[in-house]
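Structure record follows, encoded as structure tokens.
The values are calculated or read from the model by the stated rules, or taken from the named source; none is laboratory data. Just so you know, these numbers come straight off a predicted model, no measurement behind them. Glycine gets a Cβ as well: all are built from the backbone with ideal geometry, and neighbour counts include every protein chain shown. To get the accessible areas, we keep the full protein, side chains included, count just its heavy atoms, and leave off ligands, DNA and RNA. Shrake-Rupley method; radii C 1.70, N 1.55, O 1.52, S 1.80 Å.
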Amino acid sequence: MKKIFHNKLLYRDALLCTVMTFIVAGLLYFAFVNLSILDPFEKAFKDFKFTDIFYSQRFNKEQRNDKIIIVNIKHSDRFQIAEAINTIAEQNPKVIGLDIIFKERKQVFIDSILKDALLQHKNIVTAYYNDQDSIVNNHDFFKLKDDNKGFINLNLKGQNTVIREFIGVQGKGEKEYSFATKIAMEAGFISEKYALKELKKPIPINYIGNKDVFLNFEIEEVLDSDKIPAFKDAVVLLGYLSDGNEQYDIEDKHFTPLNEAWVGRATPDTYGVVIHANILNMLSQKSLMYRIAVIPTYVLAFVLCFITILFGMKIFKRNSFVFDITEKLVQLTLSVVFLYLALLLLQVNIYINVVPIILLCLLGIEMIDYYEHLVIYLNKKYGWKSHLL
């Protein structure tokens, strides 16, 4: 009977200590977010996610998609781009995606050649950009009859500087489709119904790698070739991939989880057209990342924190000295195990924010000592019963 009573006390203590851990964690988070002196640290943590390790040291680097091809347009003029479009179209690709915006008229004759190239081929998807309350679009002179276009915005609200997510469909009334989503629909990878159902919310991008995992050509190679068999039945994206000095070139370049520097990122690592290619690859295979929502994540964190504290209290009760010398080892082990499990889940396209789970479990172990001091005080003053006494 005494053992049953002590077990009940143990479970109650573990539960109360878990609740106390969450309260303390909430107060620390509130202070961390609201103290201006900690802003640099907050920004650094926002830029870093443990799951970035998975992409920067991608486990399955052998993945390659030769049916999504990138053509580097460099700083080519409109005549060269028009010629490249015509050459590519002759190879019968599924879709030609232009990650380029022709905002204004330039030379009348050259512009007319480009317009003819755009109108001549029906499988072209153009781009536009939402800039706050305005739209940066192709000049009306280059407007396609079917207005087949998608927005190329990559930075989502709250995403800070690292591009980890995308939205495929936006707008309450008339729907707007992202550049990659529109291409995927035109290529037959997904249907409009699928896009409207699955792509309205921010979705983690399932990166398979940087530009090297996609077949890519320089625009000169396209212009100098009569025939490139690889373009047949492929999706060909025309976009910017540097003009010969990639190391120092940051034009249309963004921070992504592919960056080998997990923290303190100094130089953007991935061109915009490559990010679109990664999104397109994900859509072509319908390998969307399933994100575990915030509430289930914190419920799981509470359960795991409770279990961690429960076993920690058992060790603490038997021998507090052993608990003290093994505490850091247990914390390190828990961190490695939880992080490894989160990375394994990523491999099967399940994304979970593992950071709160790790931090709460680590804090829970630390809180056992403070909880003991609290129950000693409550015992002396109110006769509070505890498994730790």
Please report, ordered by residue number, the strands (runs of 3 or more DSSP E) entirely within the stretch 109-163 with at least 1 residues that are at pLDDT below 85. 124-131, 134-136
So Lys145 fits all but one of (1) surrounded by 15 or more Cβ atoms within 10 Å (Cβ to Cβ); (2) of a type outside the set (A, V, I, L, M); (3) touching a residue at least 24 places away in the same chain (Cβ under 8 Å); what number is the exception? (1)
Can you pull out the residues in the stretch 307-357 that are among the aromatic types (Phe, Trp, Tyr) and open to solvent by 60 Å² or more (accessible area, probe 1.4 Å)? Phe311, Phe321, Tyr340
From Lys8, Lys67, Lys103, Lys49, which residue is assigned to a helix (DSSP H, G or I), basic (Lys, Arg) and either open to solvent by less than 80 Å² (accessible area, probe 1.4 Å) or at pLDDT 75 or above (or both)? Lys8
Hey, among Tyr298, Tyr290, which residue is open to solvent by 80 Å² or more (accessible area, probe 1.4 Å) and touching a strand residue (DSSP E or B) at 6+ places or on another chain (Cβ under 6 Å)? Tyr290
For Phe302, are the conditions met, namely being modelled with pLDDT of 90 or more and either under 16 Å from the mean Cα position of the chain (by Cα) or among the aromatic types (Phe, Trp, Tyr) (or both)? yes
Taking the stretch 220-254 as the region of interest, how many residues are more than 23 Å from the chain's Cα centre (by Cα), among the aromatic types (Phe, Trp, Tyr) and either surrounded by fewer than 20 Cβ atoms within 10 Å (Cβ to Cβ) or closer than 19 Å to Ala127 by Cα (or both)? 1
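In the set Ile163, Ile203, Ile167, Ile190, which member is out of contact with any helix residue (DSSP H, G or I) (no Cβ under 8 Å at 6 or more places or on another chain) and within 26 Å of Asn138 (Cα to Cα)?
Ile167
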Matching entry among Tyr194, Tyr177 (being surrounded by 12 or more Cβ atoms within 10 Å (Cβ to Cβ), part of a strand (DSSP E or B), at pLDDT 80 or above and not aliphatic (A, V, I, L, M)): Tyr177
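Quick grid of which residues meet (1) under 24 Å from the mean Cα position of the chain (by Cα); (2) not in a helix (DSSP H, G or I):
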| position | (1), (2) |
| --- | --- |
| Asn278 | yes, no |
| Asn281 | yes, no |
| Tyr298 | yes, no |
| Leu345 | yes, no |
| Val375 | no, no |
| Leu378 | no, no |
| Trp384 | no, yes |
